[in-house]
Amino acid sequence: MILPWRRGTSAAHLVDDALSALSAADWADLSQPPVAWLHWPIDIANPYQSLLYSRFARHNLVPIRVRRLDQLDTLLPALPDGVARVLHVHWLYDVTAGCSSTAQAEAAVDTFARTLDALRRQDVRLVWTVHNVLPHETVHRATEIRLRQVMLAAADVVHLMHDSHLDILRDTFGVEPRNVVIARHPTFVGAYPDWVDRRAARNHLGIPLGARVLVTFGQVRPYKGHGDFLDALDIASADDPRLRWLVAGKVREEAGGPEFMRRAADHPAVIFHPGFVPDSDVQYFLRAADAAVYPYRSSLNSGALALTAGFELPAYVSTGTTVGGLMPDEGLRRFDLTDPAKAAEIITGSAGWAGSPSVHEAVRAHLHELTPARISDRLATDLRRHLDPPA
């Protein structure tokens, strides 16, 4: 057999990919029959979905990538008769993507609602993982709220990454989910190469060994507060000249991006890589750091925090950053973006904390329960409990 394409990425091989994946299921296991676990949309650049599904096969749940919802019109009829089908929905950005007016966005939500209704009539069970409350830079707020109300009303199971998120959904959308499973965001341990030590990482990046390095990893976007944190860094770096802020991530064409680029270029304490970081180079940025810093204005879940936590970095997080159980209290220092002087004081006054072996040990022990294998196995178990018919 020759596989000249990457699974789930070729529209021409959509059905072949799905059927060959199902052929590898355990058809003799009558206690948990195979389930075609369709998931949409897919983000191949982000290892989250691969990690989340890494133990699903043990539970006879067969992940099948779906790039576009309209592909289900071809895929569903091609699946073997009697095979249970689940559509696991992740991000909802694609529903209103490209809509330049509220009317267009509303029409797109109407179409999506009809699609969900049609899938339910075909006995497709629906699962939704809530990655965020609303899009980070919401344009059509009322429409985006309605979209999530539609999804909540249709979903057989809603997957949340922390038990505190259920009240947030209730307060924001006023819809009670049918069923809820809680499975935290896994760390990215094992998803990225990790063979360099601090000396090698700092040598690679040209950072002195005596520097005190804070790292922020991920795209530069307005909600992430990069520009706001510069105000605190101005004060902190004046008090502690060893301080460096290592920033790596693509600058999106959004408000504040050019201004942050200008200030970062002129700031003696900022080391900024404004672009995509190859997987093999991620380790240099994280192993060079003493701690991570996340100055988000708002967030529900943070893949970036999961990434740095997996490298056992303690973190400075703003009051707008939802940690979601990714870090123990011992591994966190909170600061308020609206008070740069106080934030600077917290950073300069805790240099010993960030380097403490006991802090790193607390982070390491906490992350043992958040390995991708553990999270995937627990989630698959809980999902089958809700979706399988009674014995």
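The values are calculated or read from the model by the stated rules, or taken from the named source; none is laboratory data. Here the structure is a predicted model, which means the values were calculated and not measured. Because the Cβ atoms are built from the backbone with ideal geometry, glycine has one as well, and the counts that use them run over all protein chains shown. With ligands, DNA and RNA removed, areas are computed over all heavy atoms of the protein, side chains included. Shrake-Rupley method; radii C 1.70, N 1.55, O 1.52, S 1.80 Å.
Numbers below:
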quantity: Neighbourhood net charge (9 Å Cβ-Cβ; Lys/Arg +1, Asp/Glu -1) for VAL270; calculated: +1
quantity: Gyration tensor (alpha-carbon) shape descriptor, the stretch 205-323, a/c threshold 1.5; calculated: rounded
quantity: Heavy-atom accessible area per residue - the stretch 144-246, 1.4 Å, Å²; calculated: 40
quantity: Global form of the stretch 160-228, assessed from the alpha-carbon gyration tensor, a/c cut-off 1.5; calculated: prolate
quantity: Between 0 and 90°, nearest 10: helix 141-154 axis offset from the chain longest Cα axis; calculated: 50
quantity: Relative contact order %, the chain, counting alpha carbon pairs below 8 Å whose residues are six or more apart; calculated: 16
quantity: The stretch 68-215 - percent relative contact order, Cα under 8 Å, separation 6 or more; calculated: 18
quantity: Accessible area expressed per residue, the stretch 47-107, with surrounding protein chains retained (probe 1.4 Å, Å²); calculated: 45
quantity: The stretch 284-391 - percent of accessible surface contributed by carbon and sulfur, probe 1.4 Å; calculated: 52
quantity: Part-to-part distance (alpha-carbon centres) for the stretch 223-251 and the stretch 8-67, which is given in Å; calculated: 42
quantity: Charge tally in the Cβ shell below 12 Å around GLU253, where Lys, Arg are +1 and Asp, Glu are -1, GLU253 excluded; calculated: +1
quantity: Ranked by how many other beta carbons lie within 10 Å on average, peptides 226-234, 75-83, 108-116 from highest; calculated: 226-234, 108-116, 75-83
quantity: Rounded, prolate or oblate (a/c below 1.5 giving rounded, otherwise prolate when a/b exceeds b/c) for the chain by Cα gyration tensor; calculated: prolate
quantity: Computed helical MRE - 222 nm, the chain, DSSP H runs ≥ 4 contributing -39500 (n - 2.57), nearest 500; calculated: -12000 deg cm²/dmol
